[in-house]
Amino acid sequence: MAVRVDLNISLDGYATTTDQTPENPFGEDWGRLVGAYVATRTFRERVLHDTSGEGTTGVDDAYAASYFAEVGAEIMGAGMFGLHSFPDDPDWRGWWGDEPPFRVPVLVLTHTPRPSIEMANGTVFHFLEATPREALDRALEAADGQDVRVGGGATVVRDFLRAGLVDRLHVAVAPILLGRGIRLWDDLRGLEAGYEVTAETAESGTVHLTFQR
Ligand SMILES: NC(=O)c1ccc[n+]([C@@H]2O[C@H](COP(=O)([O-])OP(=O)(O)OC[C@H]3O[C@@H](n4cnc5c(N)ncnc54)[C@H](OP(=O)(O)O)[C@@H]3O)[C@@H](O)[C@H]2O)c1
């Protein structure tokens, strides 16, 4: 049972830009940042429900497949769920439609909790105000022996890394420069200590770095 993070970042270390608007809720550069991941067959099947079999099947796809494997519960922040983009919509159910790709309990950290949302495919969104440690304890219980993934966004992942709660950090470093946003690595000097670090380069030019405890 491990606590895992999988994140796409730019060469200059940004995990998200901050230019999102209700009209453009992912911001201008989202497509550049996650392009190689979104192009994989796994992402197309699991997230976009595209059963045509299209999509890349190389190194990026192997990481995309392991992204979803053996995860029993997910933790995410209010920003990733979309509460910052649509704060006044009490009926907001996340970005992922009626069949979100998680298929497990998802704990959404927020200072404005709301009632849980149960989706048809096993995904249940629970909203809670808790420290990273408290949220992790709840997620471990929900995960029933499987891994817990801290899905994002940038702020929540940094909080979990700073608290020393992450066993495996996988960052897919896209060969692009964003120049602004929230940097994953700030205030994490020496993070690599205590991890074995490996790297693999995909056909897309994405470098997959894994920090394994
Ligand atoms: N690069 C990637 O692979 C990747 C992956 C996932 C998401 N993203 C992107 O990351 C962005 C979101 O990241 P973000 O840093 O803006 O937000 P975030 O990390 O998703 O959420 C941060 C927010 O969660 C709430 N929160 C955090 N810790 C809490 C705690 N202990 N208790 C209660 N509430 C807590 C707070 O919101 P409130 O105070 O408002 O409740 C906080 O502002 C999005 O643009 C998303 O697309 C990127």
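Readers should treat all values here as calculations from the given coordinates under stated rules, not as data from a laboratory. Keep in mind that what you see is a predicted model, and the values were worked out from it rather than measured. We place every Cβ from the backbone using ideal geometry, glycine too, and count neighbours over all the protein chains shown.
Amide H to amide H, which residues 5 or more places from Val173 or on other chains are under 5 Å from it, using H placed in the peptide plane?
Sorted by chain and number, the residues that satisfy this are Ile9, Val207, His208, Leu209.
Compute the Kirkwood hydrodynamic radius of the range 142-213, taking the inverse of the mean of 1/r over all pairs of distinct Cα atoms, and give it in Å to one decimal.
On the way: mean 1/r = 0.0732 Å⁻¹.
Value: 13.7 Å, from the Cα pair sum.
Could you list log10 I(q)/I(0) for the range 19-95 at q = 0.14, 0.21, 0.23, 0.24 Å⁻¹, which the Debye formula gives when each Cα is one point scatterer?
For the range 19-95 at q = 0.14, 0.21, 0.23, 0.24 Å⁻¹, log10 I(q)/I(0) is -0.60, -1.09, -1.15, -1.16.
From the phi angles alone, apply the Karplus equation (6.51, -1.76, 1.60; θ = phi - 60°) to the range 15-27 and give each ³J(HN,Hα) in whole Hz, x where the residue is Gly or Pro.
9, 6, 8, 10, 9, 5, 9, x, 6, 10, x, 9, x
Treating the range 52-177 as a set of equal point scatterers at the Cα positions, no solvent, please give the Debye-formula log₁₀ I(q)/I(0) at q = 0.11, 0.21 Å⁻¹.
Values, matching the q order: -0.40, -1.35.
Which residues among the range 1-21 fall inside the zone where the amide N is under 18 Å from a point 7 Å beyond the Cα of Gln212, along Cα→Cβ?
In the range 1-21, the label zone of Gln212 (backbone N under 18 Å from the point 7 Å along Cα→Cβ) covers 1-7.
Report the extension gain between Asp144 and Asp19 in nm, rounded to one decimal, defined as 0.36 nm multiplied by the number of residues separating them, less their alpha carbon distance. Walk me through the numbers before you get to the answer.
Numbers: separation 125, 0.36 × 125 = 45.00 nm, distance 3.77 nm.
Computed gain between Asp144 and Asp19 is 41.2 nm.
Run the numbers on the chain and let me know its relative contact order in percent, using alpha-carbon pairs under 8 Å that are six or more apart. Show your work: numbers first, answer last.
Values: 419 pairs, mean separation 67.2, N = 213.
Once normalised by length, the contact order is 32 percent.
Once Rh for the range 74-145 is found with the Kirkwood sum over Cα pairs, what is the Stokes-Einstein diffusion coefficient at 4 °C and 1.567 mPa s, in µm²/s?
On the way: Rh = 12.4 Å.
The diffusion coefficient I find is 105 µm²/s.
Test of understanding: what is the full-extension gain from Met1 to Asp50, defined as 0.36 nm times their sequence separation minus their Cα-Cα distance? Walk me through the numbers on the way to the answer.
Numbers: separation 49, 0.36 × 49 = 17.64 nm, distance 3.04 nm.
Between Met1 and Asp50, full extension yields 14.6 nm more.
Suppose every K and R has +1 on its Cβ and every D and E has -1 on its Cβ; what is the size of the dipole of the chain about the Cα centre, in Debye to the nearest 20?
Numbers: 18 positive and 33 negative charges, 80 e Å.
Dipole of the chain, to the nearest 20 debye: 380 debye.
Tell me whether the chain comes out rounded, prolate or oblate; compute the Cα gyration tensor, take square roots of the eigenvalues as a ≥ b ≥ c, and use a/c under 1.5 as the rounded threshold. Let's see the in-between values first.
Numbers: a/c = 1.26, a/b = 1.14, b/c = 1.10.
Judged from the Cα gyration tensor, the chain comes out rounded (a/c under 1.5).
Within the range 29-61, what residues put their amide N at less than 20 Å from the label point 7 Å along the Cα-to-Cβ vector of Val197?
Taking a point 7 Å out along Cα→Cβ of Val197, no residue of the range 29-61 has its backbone N under 20 Å.
Just to check I understand the Karplus step: with θ = phi - 60° and J = 6.51 cos²θ - 1.76 cosθ + 1.60, what whole-Hz values come out for the range 195-205, glycine and proline as x?
Result, rounded to whole Hz: 10, 8, 10, 10, 9, 9, 9, 8, 4, 6, x.
How far is it, in nm, from the label point at Ala130 to the one at Val34 when both lie 7 Å from their Cα along the line to the Cβ?
Placing both labels 7 Å along Cα→Cβ, they lie 2.4 nm apart.
In the range 1-49, what chymotrypsin sites (Phe, Trp or Tyr not before Pro) fall in a loop by DSSP, with at most 16 other Cβ atoms inside 10 Å?
On the way: sites: Tyr14, Phe26, Trp30, Tyr37, Phe43; in loops: Phe26.
Passing both the DSSP loop test and the Cβ count: Phe26.
Rounded to the nearest 500 deg cm²/dmol, what is the calculated helix-only ellipticity per residue at 222 nm for the chain, with -39500 (n - 2.57) per DSSP H run of length n ≥ 4?
Numbers: 6 runs with 50 residues, N = 213.
Calculated mean residue ellipticity at 222 nm is -6500 deg cm²/dmol.
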